[in-house]
1. Can you tell which of A:G51, A:G38, A:G109 shows the greatest fluctuation in a Gaussian network model of chain A with Cα springs below 10 Å?
2. Below 8 Å, C-alpha to C-alpha, sequence gap of six or more: please give me the relative contact order for the range A:1-64 in percent.
3. Over the Cα atoms of the protein assembly as shown, what Rg and Dmax result, in angstrom?
4. Output the Cα-based Rg and Dmax of the range A:1-64 in Å, rounding Rg to one decimal and Dmax to a whole number.
5. Tell me the trypsin sites (Lys or Arg not before Pro) within chain B that lie in a loop according to DSSP and have at most 16 other beta-carbon atoms within 10 Å.
6. Which of A:V119, A:V14, B:L14 sits farthest toward the positive end of the charge dipole of the protein assembly as shown, with +1 on the Cβ of Lys and Arg and -1 on the Cβ of Asp and Glu?
7. Below 8 Å, C-alpha to C-alpha, sequence gap of six or more: please give me the relative contact order for chain B in percent.
8. Assuming a ≥ b ≥ c are the square roots of the Cα gyration tensor eigenvalues, decide whether the range B:2-61 counts as rounded (a/c under 1.5), prolate (otherwise, with a/b larger than b/c) or oblate.
Amino acid sequence: MKRSIILFVLAALVLIATGYWFFSSSTKFSLMDIASFGVIFLVLVFAVVLGFKRLGSAKRGEPAEDELSKKVMQKTAALSYYISIYLWLFIMYIQDKVNLETHSIIGIGILGMAVIFTVSWLVIHFIGIKNE
Amino acid sequence: MNNRIKEFRARYNLTQEDLAKKVNVRRETIVFLEKNKYNPSLKLAHDIARVFESKIEEIFLFD
């Protein structure tokens, strides 16, 4: 229950920060900015879905986390870390070839890692864990 | 590894939610077990067997 609330608070903070960025910006948004909003929104939806799943379990009197959810998270973390190394390798390779500022490249990397984590979680959740 | 959780659950007239509460896991874990998408820990297998008053090998079938 406590962790679900923390998850919701974090999601709300990210939403407020993104909303502030969106509404306070006087310049016109580039395609890259719009893509960033899309990715942030997707990751937020993922966090909210996770939060609701945990709250639902707590409401039914079940533990918010059990051995399966912990294993899914562990496997997701391991897989997404492994794939993220290749993402950063790719970013290092293309950084000289594209005309982007350092903070933009780091931002792309961080958002990319968030997307990789979300996709890894969905894939592992879909195929399950057989431990064989 | 296959299992007969669904069959035993029907025999004992338990819903997935009831079984989940009895073995202290989330309902989703029971769903994954019944679909053979997850192999339980020894403790969970033992707890499930105890709920169904059976041996582990009667519920979980090793190929």
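Where a number appears in this text, it was derived from the coordinates with a stated rule and is not lab data. The structure displayed is predicted, hence computed values, not measured ones. Cβ placement follows ideal geometry from the backbone for every residue including glycine, while neighbour counts extend to all protein chains displayed.
1. A:G38
2. Across the range A:1-64, relative contact order equals 57 percent.
3. 21.5, 69
4. 15.0, 50
5. Those that pass, being in a loop and sparsely packed, are B:R4, B:K35, B:K37, B:K55.
6. It is B:L14.
7. Worked out over chain B, it gives 47 percent.
8. Here the range B:2-61 falls in the rounded category.
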